[in-house]
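I have placed the structure first, in the form of structure tokens, so that the comments after it can refer back to it.
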Amino acid sequence: MTDPTQDPRCLQDPYPAYAAMRSTCPVQPVPAGSGRRPSYLVTSYAEAREALSDARLSKDTAVFFADKGSRRRLHPAVAHTMLASDPPRHTRLRRLVTKEFTTGAVAQLRPFITRTTDKLLDQWPVGGPLDFMADLAVPLPVIVICELLGVPRSDRVDVQRWSAQLFAAGEPDTIDAASHTVADYMTGLIAAKRRSPDSSLLYRLISARDGDDHLSEEELVSLALLLLVAGHETTTSALGNALLALLLQPAELDRLRKDPHEVSAALDELLRFDSAVSTATFRFTTEAITLGGTDIPAGVPVLVALGAANRDPARFPAPDRLDLDRDAATHLAFGHGIHRCLGAPLAKAEMEIVLRAVLVRFPGIRLAVPTDQLDWRRTRLVRGLTSLPVLA
């Protein structure tokens, strides 16, 4: 039993490996580490959508790892987030924040996102080399979610660094240490908001904790931490993936350059083409199930490869071609079902504003290095670039 997606070459382009696995069997076992039962990887669209909405697939990591004797020391606020819970707890927690990320609520943030984007672009050297990730895709989502939560400007560089450490693939000690650092920071920030109330989302969550919604202190810290980290990490990768896809498709780039207002309609196809979340967050079977003709026993992880599902030719013909005329609204880049990313409207607003501004202000933008020199993040969860050198 092998997992071809773990080949280092797949960091550059995982889609041929996904296609090969899908053509063999859309759901198949892959190694899960020494002495452990295999996980099952889902690479087809229909089965991915089914798995994402199957109540027999639990996300409650506390239950799964209760008797596993793990040596990890993740802070509970990180280990037991809303993402790692099932109804009714998940339903209650999600209800508290859903209204903050509706299309209408995000519309009120658009002027701030636009101003912040313009300020960052003002610092770009015209014609000179720069790193799209470091100079725009990383700082913008951090600034926006920190502004929404009420994180002081003086703390935002630290928040960005801690968040990156939480996604340090293959470095469990770094991840565990960062989980305590950021949880301790959030605990302190909550205490400060209680002393000095403001209009931030964080204070509104504090009001829910201290009011009638029965949000425990640990849940408050965990929910705030999840919003802080998840609110920018995947958007950063989505921005880099989208711009790279356009830079590699001159005809589609030229089309948007001539009419930047088309960017909004192009977002779903850009998200489908190279999904920022490569594999959905942890799930495991609570009973034996059959998925895609494969029998999966109880108590094993099921990995839903969103990137693979979005390249399934059974759902998206010629899936390896970026086609801005394609109706890609049913893509799974934000997941599906009750755990679908609640920050999707915010992420799409940031992508639209950034890509449009870049194309308007820097119409000659182009790659500064060959594609085989691009460096990708070394994690199965997030597909994103560590840097994107361009000439503006």
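The values are calculated or read from the model by the stated rules, or taken from the named source; none is laboratory data. Note that this is a predicted model, so its numbers are computed, not measured. Because the Cβ atoms are built from the backbone with ideal geometry, glycine has one as well, and the counts that use them run over all protein chains shown.
Among Ala344, Ala392, Ala333, Ala329, which is within 30 Å of Phe112 (Cβ to Cβ) and either polar (S, T, N, Q) or in contact with a Pro (Cβ under 8 Å, 6 or more places away or on another chain) (or both)?
From the options Ala344, Ala392, Ala333, Ala329, the qualifying one is Ala392.
When Arg366 is tested against (1) touching a strand residue (DSSP E or B) at 6+ places or on another chain (Cβ under 9 Å); (2) closer than 25 Å to Pro313 by Cβ, only condition (2) is not met.
Okay, residues lined up against (1) assigned to a helix (DSSP H, G or I); (2) in contact (Cβ under 8 Å) with a residue 40 or more places away in the chain; (3) surrounded by 24 or more Cβ atoms within 10 Å (Cβ to Cβ):
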| residue | (1), (2), (3) |
| --- | --- |
| Leu215 | no, yes, no |
| Glu218 | yes, yes, no |
| Leu228 | yes, yes, yes |
| Thr236 | yes, yes, yes |
| Leu239 | yes, yes, yes |
| Leu243 | yes, yes, yes |
| Arg255 | yes, yes, no |
| His261 | yes, yes, no |
| Ala265 | yes, yes, no |
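Which residue is surrounded by the most Cβ atoms within 10 Å (Cβ to Cβ), if the candidates are limited to the range 267-291 and must be touching a residue at least 60 places away in the same chain (Cβ under 8 Å) and farther than 22 Å from Phe334 by Cβ? Going through the qualifying residues, I end up with Thr285.
Could you please find all residues in the range 138-182 being β-branched (Val, Ile, Thr) and either closer than 23 Å to Leu355 by Cα or in contact with a His (Cβ under 7 Å, 6 or more places away or on another chain) (or both)?
Selection gives Val138, Val142, Ile143, Val144, Ile145.
Return a yes/no flag: does the range 358-366 have any residue that is assigned to a loop (DSSP other than H, G, I, E, B) and basic (Lys, Arg). No, the range 358-366 contains no residue that is assigned to a loop (DSSP other than H, G, I, E, B) and basic (Lys, Arg).
Only one entry in Leu93, Leu140, Leu136 is at pLDDT below 95 and either of a type in the set (Val, Ile, Thr) or surrounded by 15 or more Cβ atoms within 10 Å (Cβ to Cβ) (or both), namely Leu93. In the range 279-302, the qualifying residues are those that are β-branched (Val, Ile, Thr) and part of a loop (DSSP other than H, G, I, E, B), and the one that is farthest from Gly384 (Cα to Cα) is Thr286.
Screening Asp198, Asp176 for residues that are outside any helix (DSSP H, G or I), of a type in the set (Asp, Glu) and in contact (Cβ under 8 Å) with a residue 12 or more places away in the chain leaves exactly one candidate, Asp198. Can you confirm whether Ala51 is at pLDDT 95 or above, touching a strand residue (DSSP E or B) at 6+ places or on another chain (Cβ under 7 Å), assigned to a helix (DSSP H, G or I) and of a type outside the set (Asp, Glu)? So Ala51 passes the test. The set of residues in the range 274-293 that are more than 20 Å from the chain's Cα centre (by Cα) and more than 27 Å from Ala66 (Cα to Cα) comprises Gly292, Gly293.
When each of Thr103, Thr114 is tested for being out of contact with any Leu (no Cβ under 8 Å at 6 or more places or on another chain), of a type in the set (Ser, Thr, Tyr) and surrounded by 14 or more Cβ atoms within 10 Å (Cβ to Cβ), the lone residue that passes is Thr114.
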